[in-house]
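Step one of this worksheet: look at the structure below.
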Amino acid sequence: MITRMMAMNALNERQDTTELSRELQAFLLCPTPVAWLDWALQNQPLLLIDHANCEKKAASNAMGLMYRHVAHTDLLTKMSQLAREELLHFEQVVGLMAERGISYQRIGPSRYAAGLREHMRTDKREEALTDSLIVGAIVEARSCERFATLAPLLDDKLAKFYVSLLRSEARHYKDYLALAAQYTDEDIQPRVQYFLRVEKDLIESEDDEFRFHSGVPASAAPATV
């Protein structure tokens, strides 16, 4: 009976992963390039270090929104929940790194987040909030898509961990989009599509250094920690 239940749970998990992957592919304008996947597999210590950094930055971004927009109750609630989850994920990644003898260290960010933020409107508070939430949604969606794409290529423990992150990361991107629509009178879809086009260019163009959100490698030389 236990074995049957475990098999059913595994089947349901695979179905959920497949459904989420399809949903993300429908939202994002491009999949993660194969060249990036090859790069990631060559640099798994660096993948984990930057993944930890991304979780910490995601928590910090959520906290920043809470401090800047104190009058928005739903935003405060969602961002508080998100920050706690991201910090838990940070702890989990650092724990996995410790098990593998990988030291957590400071590394420079990729151009990905900055490349999205430079297109954000800043003149009006409402527009700045809308764009910030849309960018947050896209970053979370890409993270989720990369977890789903990487998982089948990794060892069992790391693969299971990445699959376990899919539901929360998918919920995060949906929460960001819902808040973006809630706190503006404008139709957010033109801005969503605009940022998705920017994101596609960042993902498909060349990068000199490997990061979790980097584009494709500019050369065949692998990155090192």
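Read the figures in this text as sums done on the coordinates, not as results from a lab. Everything numeric in this text was worked out from a predicted model, so none of it was measured. Because the Cβ atoms are built from the backbone with ideal geometry, glycine has one as well, and the counts that use them run over all protein chains shown.
In segment 115-136, which residue that is in a helix (DSSP H, G or I) and of a type in the set (Lys, Arg) is surrounded by the most Cβ atoms within 10 Å (Cβ to Cβ)? For segment 115-136, the residue satisfying everything is 117.
Just for segment 137-174: of the residues that are small (Gly, Ala, Ser), surrounded by fewer than 18 Cβ atoms within 10 Å (Cβ to Cβ) and touching a helix residue (DSSP H, G or I) at 6+ places or on another chain (Cβ under 8 Å), which one is farthest from residue 190 (Cα to Cα)? Residue satisfying both the conditions and the ranking: 159. Of all residues in segment 88-114, those that are in contact with a strand residue (DSSP E or B) (Cβ under 9 Å, 6 or more places away or on another chain) and surrounded by fewer than 16 Cβ atoms within 10 Å (Cβ to Cβ) total 0. Annotation note: of 183, 194, the sole residue that is aromatic (Phe, Trp, Tyr), surrounded by fewer than 23 Cβ atoms within 10 Å (Cβ to Cβ), out of contact with any strand residue (DSSP E or B) (no Cβ under 8 Å at 6 or more places or on another chain) and over 25 Å from residue 84 (Cβ atoms) is 194. Among the candidates 61, 53, 43, the residue that is more than 15 Å from the chain's Cα centre (by Cα) and either aromatic (Phe, Trp, Tyr) or surrounded by 15 or more Cβ atoms within 10 Å (Cβ to Cβ) (or both) is uniquely 43.
Yes/no per residue for (1) out of contact with any His (no Cβ under 8 Å at 6 or more places or on another chain); (2) of a type in the set (A, V, I, L, M, F, W, C); (3) not in a loop (DSSP other than H, G, I, E, B):
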| position | (1), (2), (3) |
| --- | --- |
| 167 | yes, no, yes |
| 174 | yes, no, yes |
| 186 | yes, no, no |
| 192 | yes, yes, yes |
| 195 | no, yes, yes |
| 212 | no, yes, no |
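Pairs linking a residue in segment 107-121 that is closer than 24 Å to residue 190 by Cβ to a residue that is of a type in the set (Lys, Arg), with Cβ atoms under 8 Å and 6 or more positions apart or on different chains, are 112/211; 113/57. Among the residues of segment 179-217, just one is of a type outside the set (Asp, Glu), within 26 Å of residue 51 (Cβ to Cβ) and without any contact (Cβ under 8 Å) to a residue 40 or more places away in the chain, namely 205.
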